[in-house]
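Q: Mind looking over this structure? Questions follow.
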Amino acid sequence: MDIDETPSKNTRVENIALEVARKKMETAIATVECFDVLITADTVVIDVDRPLGKPSSREEAIHTLTSLRGKSHKVITAVVVASRVNLNQDVEVDEIVSVSEVVMRNYSDTAIHEFVGRGEADDKAGAYAIQDAEFSPVQELQGCECSVMGLPVNELRDSLSKLSISGLELSNPGDTRSGCGECPFV
């Protein structure tokens, strides 16, 4: 599904992820004829008041990672969950907005070039992957690591429960995360 992820002109930076997740959901509902549950999400990295999207080139990725080095920024992930609630096709929707504060470590130019050279910055908001063990870009995290990766699993589980959606199980794939609260990835 391809949508325009450009935010509306007057959208506040902290609302961009939710606006895009809603656009994705509107498109999904219009496209998918039959569904029980749909989940859409979007993640935005915010450096001061500037949203950092996915880099359009390796040079942009290097510039982004250099500008984030040794600094703090926010990561906002929004999730929209839609469920069919009856045979009349009524749709019930729940929205999640997860905000995390991330402090990047003071990685070297060489580390940046190696990470970007591996193609790992491609298609990543803010040009990094918190879970990349080799680059290990993050020094400190306040919030949910899964949310920074793009899906706040614990909050999604709560949303599914709130919408009385059963039969879906979120299981730990064996990967250890610092997580938060009752996260299944801890």
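Q: Considering each of 71, 23 in turn, give the residue that is closer than 26 Å to residue 141 by Cβ and charged (D, E, K, R).
A: Criteria check complete, one pass: 71.
Q: A further question on this structure: Please find, within the stretch 116-146, the residue that is nearest to the chain's Cα centre (by Cα) out of those that are in a helix (DSSP H, G or I) and closer than 10 Å to residue 58 by Cα.
A: Restricting to residues being in a helix (DSSP H, G or I) and closer than 10 Å to residue 58 by Cα, the top hit is 127.
Q: Of everything in the stretch 20-44, what is in a helix (DSSP H, G or I) and in contact (Cβ under 8 Å) with a residue 40 or more places away in the chain? Give them in sequence order.
A: Correct list: 20, 21, 22, 24, 25, 28, 29.
Q: Next question. Taking the stretch 136-181 only, how many residues are at pLDDT 55 or above, among the charged types (D, E, K, R) and surrounded by fewer than 19 Cβ atoms within 10 Å (Cβ to Cβ)?
A: 5
Q: Condition first: farther than 25 Å from residue 132 by Cβ, more than 20 Å from the chain's Cα centre (by Cα) and either crowded, with 19+ Cβ neighbours inside 10 Å or β-branched (Val, Ile, Thr) (or both). Now tell me which residues in the stretch 17-70 satisfy that.
A: Scanning the stretch 17-70 gives 29, 31, 32.
Q: Conditions: (1) crowded, with 18+ Cβ neighbours inside 10 Å; (2) not in a helix (DSSP H, G or I). Residue 8 meets all but one. Number of the miss?
A: Failed condition: (1).
Q: Let me ask something additional. Do you know which residues across the stretch 56-88 are at pLDDT 95 or above, of a type outside the set (Gly, Ala, Ser) and within 19 Å of residue 21 (Cα to Cα)?
A: 74, 75, 76, 77, 79, 80, 81
Q: Is there any pair linking a residue in the stretch 57-68 that is more than 10 Å from residue 121 (Cα to Cα) to one that is in a helix (DSSP H, G or I) and among the acidic types (Asp, Glu), with Cβ under 9 Å and at least six apart or on different chains, and which?
A: Once the first residue is more than 10 Å from residue 121 (Cα to Cα) and sits in the stretch 57-68, its partners that are in a helix (DSSP H, G or I) and among the acidic types (Asp, Glu) give 66/109.
Q: Can you tell me how many residues in the stretch 129-144 are out of contact with any strand residue (DSSP E or B) (no Cβ under 8 Å at 6 or more places or on another chain) and on the phi < 0 side of the Ramachandran plot?
A: Summing the residues that are out of contact with any strand residue (DSSP E or B) (no Cβ under 8 Å at 6 or more places or on another chain) and on the phi < 0 side of the Ramachandran plot in the stretch 129-144 gives 6.
Q: Please go through the stretch 93-115 and give me each residue that is aliphatic (A, V, I, L, M) and either within 12 Å of the chain's Cα centre (by Cα) or part of a loop (DSSP other than H, G, I, E, B) (or both), ordered by number.
A: Passing the criteria: 96, 97, 99.
The values are calculated or read from the model by the stated rules, or taken from the named source; none is laboratory data. Just so it is clear, the model here is predicted, and its values are computed rather than measured. FYI the Cβ positions are ideal-geometry reconstructions off the backbone, even for glycines, and counts take in every protein chain you see.
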